[in-house]
Structure formats: structure tokens, C-alpha cells
Amino acid sequence: MNFAAQITGTGSAFPQNRVTNDDIAAKLARVDVNTDDAWIRERTGICERRLSKPEDTNEHNSSLGTAAARNALEMAGKTPEDIDQIIYATCSPDTLIPSTACWLQHKIGAKQAWAMDINAACSGFVYALATAEQFIRSGQTQTALVVGAEVLSPFLNWEDRTSCILFGDGAGAAVVERVPAATPQRILSTHLHSDGDLWNLFFIPAGGSNLTVTPERYAQHQHTMKMNGKEIFKVAVRTLADFAKRALKANDLEITDLDWFVPHQANRRIIEAVAKRLAYPLEKVLMNVERYGNTSAATVPSALDEAVRDGRIKKGQTVLLDTFGAGLTYGSILLRW
Ligand code: UT7
């Protein structure tokens with residue numbers, strides 16, 4: 001028996017706390033760092049983002065993931081007991097041990113499942129969905145829950161205006177089910193790649209086993225992101241276009257066959273540059289970066305969820321997920337909805 005994987009439900013969830021560019025500018029002004037709403041809007045397209053309150057357990061990473069998962073399960077008509085595999089994409093886990101996937105399993109009560117995390121930074125959801133598809137196609141998994149969720153705010157340096165303005169917290173999820181291979185509505189292809197040689201374009205020095213966080217390193221912000229934004233911008237435009245083309249070529253499709261393009265939401269200007277390279281109309285690109293900023297592994301599933309729920313994405317349409325992230329990591333998934 002040959003199998004394919006179909007997304008049958010999507011969900012998303014965000015923290016309550018809405019933080020505007022003006023709020024960020026005021027926060028940075030207290031440490032004598034200048035930024036303003038006009039600069040952030042013009043250079044990134046971001047107007048606001050949501051930031052978790054650490055003291056609110058409902059806004060922990062796994063809590064946002066659980067809320068997104070519940071929405072996805074409801075859409076799919078499934079219960080937590082139906083899930084046999086949880087793949088949780090995050091680079092900002094609740095705890096190093098146990099995995100955030102196990103925290104979600106505990107919170108949602110998915111007693112039949114096995115659970116694991118994947119860290120591919122902003123490419124996490126695409127990596128996780130591609131992994132679930134392999135388990136489903138091999139026949140091992142009937143129903144997978146794939147989550148992309150982040151609480152990045154504790155890893156931001158609020159004195160570095162080139163990075164802290166970009167990121168937000170949030171979660172997206174998908175229920176993925178086994179269907180017969182010939183089912184038209186299925187994942188059509190997955191393409192993944194990484195380039196560890198580019199690790200130093202985006203990393204967090206301390207907090208892992210080779211450099212623990214000490215009071216001194218904390219004071220030096222070594223537990224926060226170090227990012228070469230300019231270089232990442234260039235690599236991102238090139239690789240997003242490249243991975244879109246790989247997906248289309250593998251399926252013998254043209255860019256005009258694509259109904260919706262769902263790129264990683266890092267910066268509106270990156271998305272516009274990629275659409276231009278692909279000669280693809282911006283009206284058919286899903287975007288939520290203006291409202292949530294870059295939520296890393298959560299951007300693709302949350303943008304997908306919005307468009308599924310408001311009816312833009314319709315049955316039978318061709319949808320391309322396309323991403324890049326720290327690592328660096330890249331990937332695209334083409335699917336028929
Ligand atoms: O998921 C992957 C995560 N990372 C990314 O995707 C990052 C991709 N890169 C970017 O989004 C952009 O490169 C940034 C938004 C980070 C920066 O935008 P840019 O248009 O590349 O600006 P720039 O680095 O060329 O800086 C231009 C100027 C500089 O001033 P000078 O040297 O010309 O005087 C910066 O210091 O803008 C200054 N600047 C700011 N000014 C006000 C940088 N950040 C800010 C800021 N507010 N927040």
C-alpha cells in the first residue's frame with residue numbers, strides 16, 4: 001500500500017501583549033538606542049508584534065503550541081488521543097530537558113503519541129512537516145501533529161536595534177494525516193538543505209553545553225542573538241527563490257501554476273525581492289509579518305492558518321511553503337490543498 005500525507009487542520013495562537021514600533025522605540029530610548037516607527041516600517045514592513053509575558057504560564061512556548069494544536073485538531077475533527085506523532089519545531093524551547101514536544105504532549109493529553117523537537121530555527125516548521133510526511137508515507141504514522149512555535153523574546157538583546165525590532169512570539173500547527181497515495185490533496189514534494197558553514201550569520205553564543213550562561217556572560221548579552229542582517233538578507237533572497245524553483249521543477253510546474261506562495265516572514269523587503277525574482281504577483285503571497293514580526297518557526301504555519309480560515313486557500317489549490325533560517329537552513333514544500 002502506498003501512502004501520501006494530507007494537511008487536514010491548521011491552527012495558530014499568539015500572546016496577548018501587542019507591542020508597537022513606538023513601544024520598542026520608547027524601550028530602546030531608555031538605554032540610549034535610537035529607532036523609530038518609520039525606520040522599522042520602511043526597512044522591514046513590521047508594524048507590531050506580540051511578546052509573551054514570562055510570568056504567564058499560558059504564554060509559555062508549549063502553551064502557545066498547545067493552543068495552536070487544539071485549533072488544528074478541531075478543524076481536522078480529531079482528538080488528542082488520535083495523534084500518534086508530535087513533531088515540535090522550535091529554537092526557543094520551554095526547557096532543554098524535556099523537549100517542548102513532551103511538554104505539549106503532557107498539556108494536551110496525547111497519550112498515544114511519541115514526541116520530539118526539531119531545531120532548524122526559522123525553517124523548523126518546513127523541516128518538521130517534511131519529517132512527518134516521511135513517517136506517514138512509510139506507513140508508520142497515521143496522524144501527526146506538527147507545530148512551529150517560538151518565544152524568542154528572552155533571547156533578544158534590547159540594546160541591539162538591528163535585531164530586537166524584528167522578532168515576535170507565537171505558534172502555528174498542522175494536523176497531517178495518512179491518505180492513499182493517489183489522493184490529489186496531498187504534499188507533493190519536499191526539499192531540505194542546510195549550510196553549517198554559515199553558522200556565524202545568526203547564532204546565540206551562550207546557553208548551550210559549550211558556553212553556559214554565567215552572570216558575567218549574561219551582562220554581556222551572550223545569551224542573545226547575534227545576527228549579520230545584511231548578509232542574511234542577501235542569502236535569503238537567493239535561496240528562497242532557488243528553493244521555490246526546485247519545488248516547481250520537481251513537479252513539472254510553472255510559477256503561473258502556483259495559487260499561493262507562503263514564504264518565511266522575516267522582512268517584507270525580502271519577500272518582495274523574492275516575488276520579483278520569481279515574477280510572482282505579491283497579491284498571491286501570504287503575509288502577516290506586519291502584525292507579528294518574525295516568529296521564526298511559527299511564521300509559515302500561522303500565515304497558512306490565517307488564509308485557510310478566511311477562505312483564501314481553497315480545496316485543490318497549489319500552495320508553496322518556502323523558508324530559510326539560522327544554521328543556515330533552507331527548505332520548500334509544495335502541496336495541493
Ligand atoms: O529569520 C532570519 C532572521 N534574520 C533576518 O531575516 C534578517 C534579514 N535582514 C534584515 O531584515 C535587514 O538587513 C535589517 C532589518 C536587519 C537591517 O535593514 P537594512 O536595510 O539592511 O539596514 P542596514 O543594516 O543597511 O542599516 C542601515 C542603517 C545603518 O546606519 P548607518 O550605518 O547607515 O548610519 C544602521 O545602523 O540603518 C541603521 N539601523 C537602524 N536605524 C534605526 C539599523 N537598525 C536600525 C533601527 N532603527 N532599528
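The values are calculated or read from the model by the stated rules, or taken from the named source; none is laboratory data. Just so it is clear, the structure is predicted and the values come from calculations on it, not from any experiment. FYI the Cβ positions are ideal-geometry reconstructions off the backbone, even for glycines, and counts take in every protein chain you see. Just so you know, the surface numbers come from the protein's heavy atoms only, side chains and all, with ligands and any DNA or RNA stripped out. Shrake-Rupley method; radii C 1.70, N 1.55, O 1.52, S 1.80 Å.
In the condition set (1) in contact with a helix residue (DSSP H, G or I) (Cβ under 9 Å, 6 or more places away or on another chain); (2) farther than 24 Å from residue 51 by Cβ, residue 267 is compliant with all but (2). One residue stands out among those in region 138-165 that are assigned to a strand (DSSP E or B) and within 25 Å of residue 55 (Cα to Cα): the one that is farthest from the ligand (Cβ to nearest atom), which is 147.
Taking the options 6, 16, name whichever one is open to solvent by less than 70 Å² (accessible area, probe 1.4 Å) and more than 23 Å from residue 122 (Cβ to Cβ). Spell out how you get there, then give the answer.
Values: 16 fails: open to solvent by less than 70 Å² (accessible area, probe 1.4 Å).
From the options 6, 16, the qualifying one is 6.
Quick check, is residue 168 in contact with a Gly (Cβ under 6 Å, 6 or more places away or on another chain), closer than 30 Å to residue 53 by Cα and within 14 Å of the ligand (Cβ to nearest atom)? Answer is yes for this residue.
Determine which member of the set 65, 9, 45 is within 16 Å of the ligand (Cβ to nearest atom), in contact with a helix residue (DSSP H, G or I) (Cβ under 7 Å, 6 or more places away or on another chain) and either farther than 18 Å from residue 89 by Cα or not hydrophobic (A, V, I, L, M, F, W, C) (or both).
Numbers: 65 fails: within 16 Å of the ligand (Cβ to nearest atom); 9 fails: within 16 Å of the ligand (Cβ to nearest atom).
It is 45.
When region 208-237 is limited to residues that are open to solvent by less than 40 Å² (accessible area, probe 1.4 Å) and away from the ligand (no atom under 13 Å from the Cβ), the one that is nearest to the chain's Cα centre (by Cα) turns out to be 224. May I ask you to verify whether residue 32 is more than 19 Å from the chain's Cα centre (by Cα), of a type outside the set (A, V, I, L, M), more than 9 Å from the ligand (Cβ to nearest atom) and outside any helix (DSSP H, G or I)? Answer is yes for this residue.
Select from region 278-319 the residues that are open to solvent by 10 Å² or more (accessible area, probe 1.4 Å) and assigned to a helix (DSSP H, G or I) and list them in ascending order. Those that are open to solvent by 10 Å² or more (accessible area, probe 1.4 Å) and assigned to a helix (DSSP H, G or I): 278, 282, 283, 284, 290, 291, 292, 306, 308, 309.
Note on region 126-146: among residues that are of a type outside the set (A, V, I, L, M, F, W, C) and within 30 Å of residue 202 (Cα to Cα), the one that is most open to solvent (accessible area, probe 1.4 Å) is 134. Filtered by the rule that a residue be open to solvent by 50 Å² or more (accessible area, probe 1.4 Å) and either touching a residue at least 60 places away in the same chain (Cβ under 8 Å) or closer than 25 Å to residue 271 by Cβ (or both), region 21-43 gives 22, 23, 27, 31, 34, 36, 38, 39, 41, 42, 43. So is residue 322 at pLDDT 95 or above, open to solvent by less than 20 Å² (accessible area, probe 1.4 Å), away from the ligand (no atom under 16 Å from the Cβ) and within 21 Å of residue 46 (Cα to Cα) or not? Taking the combined requirement at face value, the residue does not satisfy it.
Of all residues in region 245-253, none are out of contact with any Ser or Thr (no Cβ under 8 Å at 6 or more places or on another chain) and crowded, with 22+ Cβ neighbours inside 10 Å. Every listed requirement among (1) out of contact with any helix residue (DSSP H, G or I) (no Cβ under 6 Å at 6 or more places or on another chain); (2) modelled with pLDDT of 95 or more; (3) away from the ligand (no atom under 16 Å from the Cβ); (4) at negative phi is met by residue 77 save one, (4). Among the residues of region 251-274, the one identified as more than 16 Å from the ligand (Cβ to nearest atom), of a type in the set (A, V, I, L, M, F, W, C) and part of a helix (DSSP H, G or I) is 255. Of the strands (runs of 3 or more DSSP E) lying entirely inside region 44-125, those carrying at least 1 residues that are open to solvent by 10 Å² or more (accessible area, probe 1.4 Å) and in contact (Cβ under 8 Å) with a residue 60 or more places away in the chain are 48-50.
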